[in-house]
Amino acid sequence: MSLRGLFTIAIIAFLALQAPLWAQDSIWALQVVDATGEGTHPKVGAAPTVDNQVTIQGIALNASDEMLNPNLMWQIYVQAESPDQGGIAAWAGIFYNSNWPRYPEDIEPGDRIEITGYVANNAGKVNINERHSAATEMQFIVTKLAEDIGMPDPIQIPSISDCNYFDVSRSQGGELYQAQWAQLHDVWIVSGTWAAGQTLTIQDVSGATMALLLSGQGDFNDYGAPRGRFDPTGVFDQEDASLPYHGDYRLWVKKYSDLGATTGLGDWQSYR
């Protein structure tokens with residue numbers, strides 16, 4: 001065989017190996033927003049055709065039952081791997097489709113997964129979802145590619161004042177951290193009810209405050225509220241109810257050990 005023939009075969013083999021990578025959609029690109037906080041990627045909210053499906057890969061940040069009632073909802077946050085960046089959630093619920101459960105229940109934090117489906121705007125972020133439709137063709141496909149790859153190192157957020165605001169460029173502010181595993185430092189509770197499923201308000205030395213959501217599936221009721229300052233790690237999320245989607249950023253913590261707290265009080269009132 002000629003040298004040219006061998007070269008051609010080598011190129012074809014290389015392209016075949018790279019094709020699956022090219023077929024993936026960039027998570028970071030899917031989360032592009034406009035000045036109102038709505039996603040602007042052409043596939044966001046587009047007609048449900050095969051050409052408008054997305055396929056993403058990344059590391060699962062949670063088991064679905066760590067954050068939501070598995071009898072009612074399924075949700076996994078997926079963080080991109082380099083050279084891509086960012087994060088995205090896939091969500092489905094029983095409220096509009098009683099065919100349940102529909103999605104894998106064996107996804108664990110640190111697994112590498114792939115999801116193919118449709119994307120839509122939701123409360124200031126872009127999610128993969130069924131668009132509240134019971135149609136079979138609207139369901140997404142979840143594939144576990146590898147087990148226990150390992151959780152990503154949490155993104156270190158300098159302070160609450162660095163993350164609790166909107167920046168359309170995503171070079172800073174809440175959109176930079178959207179749907180990713182992140183950590184705050186030296187925060188304390190200023191208000192709220194200490195219990196699983198509750199939202200607390202936390203503050204740090206910057207003077208800024210933000211919401212800390214304790215997972216309703218977590219073990220928080222087994223412990224008292226942290227005494228003094230702590231370093232919470234969780235999924236950086238947004239749940240803004242109305243336009244413009246410029247606020248309601250929160251850190252969603254899965255379990256007590258993710259608070260990085262060394263002590264607690266059994267009586268929340270005495271802490272306050």
Would you confirm whether or not region 65-72 contains a residue that is modelled with pLDDT of 95 or more, closer than 25 Å to Asp237 by Cβ and either in the same structural domain as Lys254 (by TED's automatic domain parsing) or touching a helix residue (DSSP H, G or I) at 6+ places or on another chain (Cβ under 9 Å) (or both)? yes
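Can you find, within region 110-126, the residue that is surrounded by the fewest Cβ atoms within 10 Å (Cβ to Cβ) among those that are not in a loop (DSSP other than H, G, I, E, B) and not aliphatic (A, V, I, L, M)? Please lay out each step first, then the result.
Of region 110-126, the ones not in a loop (DSSP other than H, G, I, E, B) are 112-122, 125-126.
Applying the additional criterion that residues be not aliphatic (A, V, I, L, M) yields 112, 114, 116-118, 121-122, 125.
Numbers: Arg112: 18, Glu114: 16, Thr116: 18, Gly117: 22, Tyr118: 24, Asn121: 18, Asn122: 18, Lys125: 24.
Only one residue tops the list, namely Glu114.
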The one condition Asp167 fails out of (1) under 23 Å from the mean Cα position of the chain (by Cα); (2) surrounded by 15 or more Cβ atoms within 10 Å (Cβ to Cβ) is (2)
Pairs please, first residue from region 67-90 and of a type in the set (Phe, Trp, Tyr), second anywhere and assigned to a loop (DSSP other than H, G, I, E, B) and surrounded by fewer than 23 Cβ atoms within 10 Å (Cβ to Cβ), Cβ atoms under 6 Å, 6+ apart in sequence or on different chains. Trp74/Tyr103
Can we say Ile160 is of a type outside the set (D, E, K, R), buried (at least 18 other Cβ atoms within 10 Å of the Cβ), touching a residue at least 40 places away in the same chain (Cβ under 8 Å) and not assigned by TED's automatic domain parsing to the domain that holds Asp34? yes
Looking at region 250-265, which of the residues that are of a type outside the set (A, V, I, L, M) and at pLDDT 95 or above is nearest to the chain's Cα centre (by Cα)? Trp252
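With the structure loaded, tell me whether Gly247 is within 19 Å of the chain's Cα centre (by Cα), in contact (Cβ under 8 Å) with a residue 60 or more places away in the chain and not in a strand (DSSP E or B) or whether it fails that test.
Details: within 19 Å of the chain's Cα centre (by Cα): yes; in contact (Cβ under 8 Å) with a residue 60 or more places away in the chain: yes; not in a strand (DSSP E or B): yes.
Yes: the conditions hold for Gly247.
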Any residue in region 109-126 that is in the same structural domain as Ala29 (by TED's automatic domain parsing) sitting within a Cβ distance under 9 Å of a residue that is at pLDDT below 95? List the pairs, counting only those 6 or more apart or interchain. Glu114/Gln24
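Any residue in region 50-58 that is at pLDDT 95 or above, closer than 23 Å to Glu147 by Cα and either more than 17 Å from the chain's Cα centre (by Cα) or of a type in the set (A, V, I, L, M) (or both)?
Filtering region 50-58 down to residues at pLDDT 95 or above leaves 50-58.
Among the residues that remain, those that are also closer than 23 Å to Glu147 by Cα are: 54-58.
Right, trim to either more than 17 Å from the chain's Cα centre (by Cα) or of a type in the set (A, V, I, L, M) (or both) and you get 54, 56.
Taking every residue of region 50-58 in turn, at least one turns out to be at pLDDT 95 or above, closer than 23 Å to Glu147 by Cα and either more than 17 Å from the chain's Cα centre (by Cα) or of a type in the set (A, V, I, L, M) (or both).
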So Glu137 fits all but one of (1) crowded, with 22+ Cβ neighbours inside 10 Å; (2) over 21 Å from Asn62 (Cβ atoms); what number is the exception? (1)
Total residues in region 127-179, condition of a type outside the set (Asp, Glu), part of a loop (DSSP other than H, G, I, E, B) and more than 28 Å from Ala47 (Cα to Cα): 15
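The values are calculated or read from the model by the stated rules, or taken from the named source; none is laboratory data. Note that the structure is a prediction, hence the values are computed from the model and not measured. Virtual Cβ from ideal backbone geometry, glycine too; neighbours counted across all protein chains shown.
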